[in-house]
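What follows is a short report on a single structure.
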Amino acid sequence: MELLREAGIAYRLRWKRRRLLYRALRKRHQLTAVADRTGEIARDAILAAATVRNEIVRLPHFLTHHRQLGVDHFLIVDNGSDDGTREYLAAQPDVSLWSTSHSYKLSRFGMDWLTWLQIRHAHGHWCLTLDADETFIYPHHDTRSLRALTGWLEANDRQSFGALMLDMYPKGPLKAQTYRPGDDPFRQLCWFDGGNYVMQKKPDLQNLWVQGGVRARYFFADRPRQAPTMGKTPLVKWNRRFAYVSSTHSLLPRRLNRVYCEKGGEMLSGVLLHSKFLHVVVEKSAEEKERREHFANSELYETYYDGLIANPDLWCEGSTRFISWRQLEAMGLMSRGGWV
Amino acid sequence: MSVGIIMLVHTAFDRAEQVARHWAAAGCPLVIHADKSVPAKTYNAFVSALSDLPDVRFCKRHRCEWGTWGLVAATQSAGQLMLHEFEDVRHVYLASGSCLPLRPVQELIDYLAERPQTDFIESATTADVPWTMGGLDHERFTLRFPFSWRKHRYLFDKYVYLQRRLGFRRRIPNGLVPHMGSQWWCLTRQTLSAILSDPDRHVYDAYFRRVWIPDESYFQTLARQYSLQIESRSLTLSKFDYQGKPHIFYDDHLQLLRRSDCFVARKIWPFANRLYDAFMSDNAGAMKRTEPNPGKIDRIFSKAVERRTRGRPGLYMQSRFPVEGRENGLTCAQYSVFEGFGDLFENFEQWLARITGTRVHGHLFAPERAEFSDGQTVMNGALSDSAALRDYNKRAFLASLIWNTRGERQCFQMGPRDHIEDIEWEIAKDPNAQISVISGSWAVPLFKSNRNFADIRQEAARLQQVESKHLDVLRSPWAKARIRIWTMAEFIEAPMEPLQTIIDEIGQQNLRGLAEVPKMADLSGFGQFLQNLKNQGMHPYLMGDFPVEHGLHEPQHATPKPYLVK
């Protein structure tokens with residue numbers, strides 16, 4: 001009986017994946033190539049894919065950091081920016097840029113567009129799917145490049161790599177900070193919630209549903225179910241038949257979601273440092289609240305936006321100051337698993 | 001006399017070339033074997049790149065798949081060529097393209113010259129090695145393995161299972177005693193030539209061809225037949241993870257490798273420029289003529305294996321989420337749970353904190369909020385006191401609290417008023433928990449309260465029901481915590497002894513007995529209170545027997561003697 005049920009779920013998810021791929025196929029016409037440098041992608045290149053909107057403040061550091069890690073080429077969709085993001089990206093030698101003014105929400109928060117680009121360009125490559133406010137780190141990232149990581153993952157028969165999204169915030173009101181584009185944002189956003197994460201296993205997709213962090217503590221203390229999901233699977237050895245289901249929290253086929261060990265051991269995992277709470281978040285929240293493009297049930301999140309617009313101080317006595325990946329590893333937010 | 005190097009190469013040819021030149025520069029003749037699956041173009045380029053070196057030969061190519069005979073065949077071909085082509089080679093060192101000499105090659109040559117008869121080959125009987133994969137140790141030598149473990153795992157497993165069921169066993173030829181060990185060895189000409197020109201070699205080859213992972217056992221077994229002196233260790237530093245895959249060395253291992261004093265290490269990441277730069281230059285070793293000492297590396301790597309297979313107990317995180325039964329410890333440290341103490345004693349929390357020096361919380365699972373010590377609203381790790389957040393996943397809440405405060409023992413209060421459903425089982429099953437219960441003392445606050453008696457009666461009935469269920473949990477055979485339960489009547493008879501036991505178990509410095517005891521609530525009239533409850537039709541029994549007369553006939557004892565020592 002259990003077997004039958006499992007087979008039923010597997011079959012349903014198979015069709016779900018096909019639907020997602022078909023969606024991406026239909027949405028391909030919404031993209032216009034601005035700078036197509038995909039011809040330069042080498043066979044073993046490591047790619048990064050992102051959808052951005054008005055991210056001129058964060059992009060310089062985003063690109064620099066991930067270039068340093070060893071991303072060879074960026075596939076970026078610009079969703080109607082008007083702050084120079086588009087021009088900036090088009091001028092980068094290792095960025096291929098597409099633009100669209102269609103709805104972010106109707107494109108499953110940009111995933112349909114990226115899925116199409118990944119079908120076209122990421123097949124057979126290790127691909128990092130990120131947001132512009134996410135900075136990917138992993139154990140030893142300061143001495144070992146992404147290529148070392150992906151090589152190790154492949155040698156260990158892994159096709160995907162999990163990361164915890166870690167909301168970073170400043171001490172003091174959000175707007176009180178000053179940040180110059182290109183700087184390391186985590187010099188100011190150097191605090192995080194170190195030990196209030198909860199997780200449960202999703203029965204169908206078998207991914208871990210991780211919640212917690214400062215947003216759960218500060219904005220969702222009275223309705224924790226609605227708190228944002230913090231577990232992601234950003235790094236995948238891509239196949240054109242793969243598809244992300246909701247943001248990069250889970251993907252299909254579901255074996256890719258098994259980035260955790262259930263037998264008591266620890267698997268190698270990383271962290272996405274989240275630079276959402278830069279000073280620009282206050283204005284952006286006002287705009288996002290109007291646009292209603294960011295959550296499936298936007299009404300549920302009105303108080304969240306109101307909270308952000310109020311320019312809060314997210315710091316508390318129990319906050320931890322960020323030092324290095326070794327610290328995150330020792331705290332158990334990520335693990336080096338067997339990778340010494 | 002010199003040392004000949006056999007080099008098995010299948011990838012990263014630029015690095016292989018670099019290392020080959022390094023060996024050659026020190027005067028070591030080389031025989032190189034390149035995997036047959038390497039494309040002709042790459043292979044030819046590699047051969048021509050090394051064509052300027054006089055003492056380099058390329059041997060017949062075999063297809064080398066992990067765990068198969070090909071690797072042994074390759075080594076045999078290369079060994080034969082080496083012995084034939086280079087007459088003055090006395091030791092033959094088996095290395096791979098991703099091996100890196102850590103000390104000047106001359107030191108290795110000298111080291112071997114001082115030990116002309118010694119074979120360095122790790123070789124242990126199957127009974128003595130812990131690192132066999134998949135539970136196959138002796139069976140490697142008695143079963144057949146026609147299917148690839150990497151590519152056809154299912155068939156591999158099924159076929160092993162079938163052979164076990166049928167009781168199939170291969171015969172080991174000529175009474176060989178199977179030995180296993182690292183595939184990277186260094187043999188003398190005598191031993192190697194004896195193995196390769198053995199009249200029975202075809203028998204051995206035919207046998208080992210069907211053994212699983214023969215490259216770890218062929219030479220290791222046969223060397224035992226001929227060697228004059230075996231030193232059972234490998235001169236090549238090579239570490240393996242829990243799946244038997246070699247660990248890879250990166251740039252940040254530079255200091256570690258330097259301190260190992262080993263001659264050769266594998267496997268080196270081909271892009272580890274710093275490592276290659278450091279060790280390929282001539283003055284790398286700083287001329288320390290010491291015995292290899294990989295102890296520190298051993299410790300680091302065995303820790304890593306432990307981390308990967310057992311993880312950190314009590315940690316639940318994105319890449320460690322053990323299913324029930326595999327947690328290897330529900331929490332990471334010991335903690336104490338007190339039930340009823342806070343009701344019976346007026347200043348219990350402060351007293352406990354003072355006496356034990358531990359962190360003492362109030363009712364962590366109270367309905368209103370998690371009562372952290374000192375009225376804090378957030379704890380270490382930004383753990384919030386919000387009841388909603390806590391109740392969303394109580395188990396994670398408790399595990400996080402104990403994890404976040406590693407190094408400081410936690411104590412907290414619990415009682416039937418709290419939200420203990422879902423969590424009581426977790427705590428009862430946790431061997432790290434020390435649970436002490438004074439049953440029935442929830443009645444004391446009711447007794448003291450200024451509420452209508454009907455409400456009190458109702459509340460008492462509810463609490464008694466909750467606590468009685470809770471005690472069933474604590475008394476269940478699955479409970480693994482250290483649990484002590486007293487009825488209230490029992491406890492107040494002689495409160496010092498149980499308190500002392502609990503405190504001793506927490507294990508703080510207090511060896512000379514308790515200097516101070518908490519102040520017990522005034523219980524005069526409590527017996528009458530219980531009787532009143534009984535008169536109302538409720539049956540309070542968890543607190544044990546309290547005589548009614550005490551309250552009735554001794555009103556003059558309004559202030560009974562508090563339980564104080566000394």
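The figures follow:
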| item | result |
| --- | --- |
| Residue, farthest from B:Ser96 (Cα to Cα), within segment B:251-269, restricted to residues that are within 9 Å of chain A (Cβ to nearest Cβ) and crowded, with 21+ Cβ neighbours inside 10 Å | B:His253 |
| Residue list for segment B:227-249, filter: in a loop (DSSP other than H, G, I, E, B), among the β-branched types (Val, Ile, Thr) and either away from chain A (no Cβ under 12 Å) or under 21 Å from B:His179 (Cβ atoms) (or both) | none |
| Residue in segment B:285-301 that is modelled with pLDDT of 85 or more, aromatic (Phe, Trp, Tyr) and assigned to a loop (DSSP other than H, G, I, E, B) present | no |
| Unmet criterion (only one of (1) without any contact (Cβ under 8 Å) to a residue 60 or more places away in the chain; (2) in contact with a Phe, Trp or Tyr (Cβ under 8 Å, 6 or more places away or on another chain); (3) more than 26 Å from A:Ile46 (Cβ to Cβ); (4) crowded, with 24+ Cβ neighbours inside 10 Å) for A:Tyr169 | (1) |
| Some residue of segment A:183-206 being in contact with a Pro (Cβ under 6 Å, 6 or more places away or on another chain), part of a loop (DSSP other than H, G, I, E, B) and either more than 9 Å from every other protein chain (Cβ to nearest Cβ) or within 24 Å of A:Tyr301 (Cα to Cα) (or both) | yes |
| Condition check for B:Trp185: within 14 Å of chain A (Cβ to nearest Cβ), within 24 Å of B:Ser96 (Cβ to Cβ) and crowded, with 19+ Cβ neighbours inside 10 Å | no |
| Residue ID - surrounded by the most Cβ atoms within 10 Å (Cβ to Cβ), chosen from residues in segment A:207-226 that are part of a helix (DSSP H, G or I) and of a type in the set (A, V, I, L, M, F, W, C) | A:Ala216 |
| Residue within segment B:288-300 that is more than 21 Å from A:Glu154 (Cα to Cα), without any contact (Cβ under 8 Å) to a residue 12 or more places away in the chain, at the interface with another protein chain (Cβ under 9 Å from one of its Cβ atoms) and β-branched (Val, Ile, Thr) present | no |
| Any hit, segment A:227-248, residues being within 16 Å of A:Gln118 (Cα to Cα), assigned to a strand (DSSP E or B) and within 11 Å of chain B (Cβ to nearest Cβ) | yes |
| Failed criterion for A:Glu55 (all others in (1) over 25 Å from A:Val245 (Cβ atoms); (2) within 17 Å of the chain's Cα centre (by Cα); (3) part of a loop (DSSP other than H, G, I, E, B) hold) | (1) |
| Strands (runs of 3 or more DSSP E) completely within segment B:1-116 that count 2 or more residues being free of Cβ contacts under 8 Å to residues at least 12 places away in the same chain, among the charged types (D, E, K, R) and in contact with a Lys or Arg (Cβ under 6 Å, 6 or more places away or on another chain) | none |
| Within segment B:167-192, considering residues that are in a helix (DSSP H, G or I) and either modelled with pLDDT of 90 or more or in contact with a Gly (Cβ under 8 Å, 6 or more places away or on another chain) (or both), the one nearest to B:Thr75 (Cα to Cα) | B:Leu192 |
| Top-ranked residue in segment B:307-341 [being more than 7 Å from every other protein chain (Cβ to nearest Cβ) and modelled with pLDDT under 90; ranked as surrounded by the most Cβ atoms within 10 Å (Cβ to Cβ)] | B:Leu330 |
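The values are calculated or read from the model by the stated rules, or taken from the named source; none is laboratory data. Values in this document were obtained by computation on a predicted structure and should not be read as measured data. Virtual Cβ from ideal backbone geometry, glycine too; neighbours counted across all protein chains shown.
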